[in-house]
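Asks: Structure incoming, see below.
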Amino acid sequence: MREVTTMIELIQTFIKKVFRDIFRKRRKWKIGLYGPPNAGKTTIANRICQDWLGEELGVVSTIAHETREIQLKEQVTIKNKNGNELTFSLVDTPGIATKIDYEDFMKSGLKAKEAKERAKEATKGVIESIKWLDEMDLVIVVLDSTQDPYTQVNITIIGNLQARYIPVLLVANKLDLKKADIKRIEAAFPQYDIVGISAKNGTNIDELYEALFAIAG
């Protein structure tokens with residue numbers, strides 16, 4: 001039984017390598033930021049754009065689903081420590097959720113009309129995020145390191161990426177917070193290397209860039 005499992009793993013590794021080699025030959029990459037609401041996708045997008053373009057991409061908020069439409073920044077070029085360059089389009093996507101209830105927004109201080117409109121837009125945003133998956137050459141899955149990573153949303157996102165053979169980089173964000181626990185994410189998804197960062201403070205952001213080069217460079 002172990003021999004069969006090993007053979008399957010070898011085949012999966014070979015397929016991933018073939019697809020990775022194909023992707024590496026592309027001149028223009030499209031890199032997407034995916035994950036649950038409030039994991040810090042837009043904060044990471046802003047950090048990347050600030051570091052390399054001197055401008056931000058989107059607005060962040062403590063209220064979930066602040067990003068409700070696809071946000072795209074073309075021609076982002078980053079450099080690694082060896083001076084190599086990687087140019088790509090950065091796609092910040094609305095947070096993926098299995099349930100969006102307008103009453104949750106009201107608990108955050110929004111009035112009923114605004115809460116209902118936000119819920120409607122957020123639902124549309126989730127649909128758009130899923131549609132855009134097929135456009136991606138690489139996906140950065142952003143997880144909140146203070147939260148339980150083993151959720152239906154996270155499993156669904158990563159499962160969809162695996163099914164499409166899209167290269168994945170898992171990022172554990174919010175390491176600046178006391179409740180951060182990167183080991184929980186490592187235990188939940190042992191098949192992936194995890195890059196721990198604080199997008200807010202810029203902690204380990206260079207490791208994120210190096211990880212992108214390791215996959216796409």
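Asks: Going by average Cβ neighbours within 10 Å, how do the peptides 67-77, 50-60 rank, with the highest at the top? Display every interim value, and only then the final one.
Replies: Numbers: 67-77: 16.0, 50-60: 14.3.
Top of the packing list down: 67-77, 50-60.
Asks: Pairs on different chains or at least eight residues apart, Cα atoms closer than 26 Å: how many lysine pairs in the stretch 115-217 fit? Walk me through the intermediate numbers first.
Replies: Working: Lys116/Lys124; Lys116/Lys131; Lys120/Lys131; Lys174/Lys183; Lys174/Lys200; Lys178/Lys200; Lys179/Lys200; Lys183/Lys200.
For the stretch 115-217, qualifying lysine pairs total 8.
Asks: Then there's this: Which label marks the calculated value of Kirkwood radius over Cα pairs in Å, given the options (1) 21.3; (2) 19.3; (3) 18.1?
Replies: The value computed from this structure is option (3).
Asks: For the stretch 27-216, what proportion of DSSP beta bridges, expressed in % and rounded to the nearest 5, is antiparallel? Present the calculation step by step, with values, prior to reporting the outcome.
Replies: Working: 8 of 26 bridges.
If we restrict to bridges inside the stretch 27-216, about 30 percent are antiparallel.
Asks: Nothing charged except the Cβ atoms of Lys and Arg (+1) and of Asp and Glu (-1): what's the magnitude of the dipole of the chain about its Cα centre? Round to the nearest 20 debye.
Replies: Details: 32 positive and 30 negative charges, 50 e Å.
The calculation lands at about 240 debye.
Asks: Right, next: Taking the Cα centre of the chain as the origin and placing charges on Cβ (Lys, Arg +1; Asp, Glu -1), which of Leu161, Thr93, Ser198 is farthest toward the positive end of the dipole?
Replies: Leu161
Asks: Return the whole-Å distance between the Cα centroid of the stretch 71-104 and the Cα centroid of the stretch 136-169.
Replies: So the separation of the two Cα centres works out to 13 Å.
Asks: Say the dipole of the stretch 27-216 comes from +1 at the beta carbon of Lys and Arg and -1 at that of Asp and Glu; which of Phe105, Thr42, Met136 then lies farthest toward its positive end?
Replies: The listed residue farthest towards the positive side: Phe105.
Asks: Once you keep just the Cα pairs under 8 angstrom separated by 6 or more residues, what percentage relative contact order results for the stretch 27-216?
Replies: Values: 354 pairs, mean separation 44.1, N = 190.
Here the relative contact order equals 23 percent.
Asks: Let me ask something else. Using Cα pairs closer than 8 Å and at least 6 residues apart in sequence, work out the relative contact order for the stretch 75-118, in percent. Kindly include the intermediate steps, with their values, before the conclusion.
Replies: Values: 27 pairs, mean separation 10.7, N = 44.
Relative contact order comes out at 24 percent.
Asks: Where in the chain are the DSSP H helices whose alpha-carbon span along the long axis reaches 15 Å or more and whose Kyte-Doolittle mean is at least 0.5?
Replies: Working: long enough: 2-24 (32 Å, 0.13); 41-53 (17 Å, -0.32); 112-132 (30 Å, -0.97); 152-163 (16 Å, 0.68); 205-216 (17 Å, 1.08).
Span-like helices in the chain: 152-163, 205-216.
Since every read-out is calculated from the coordinates, none of them should be taken as a lab result. From a predicted model like this one, the values you see are computed outputs, not experimental measurements. Virtual Cβ from ideal backbone geometry, glycine too; neighbours counted across all protein chains shown.
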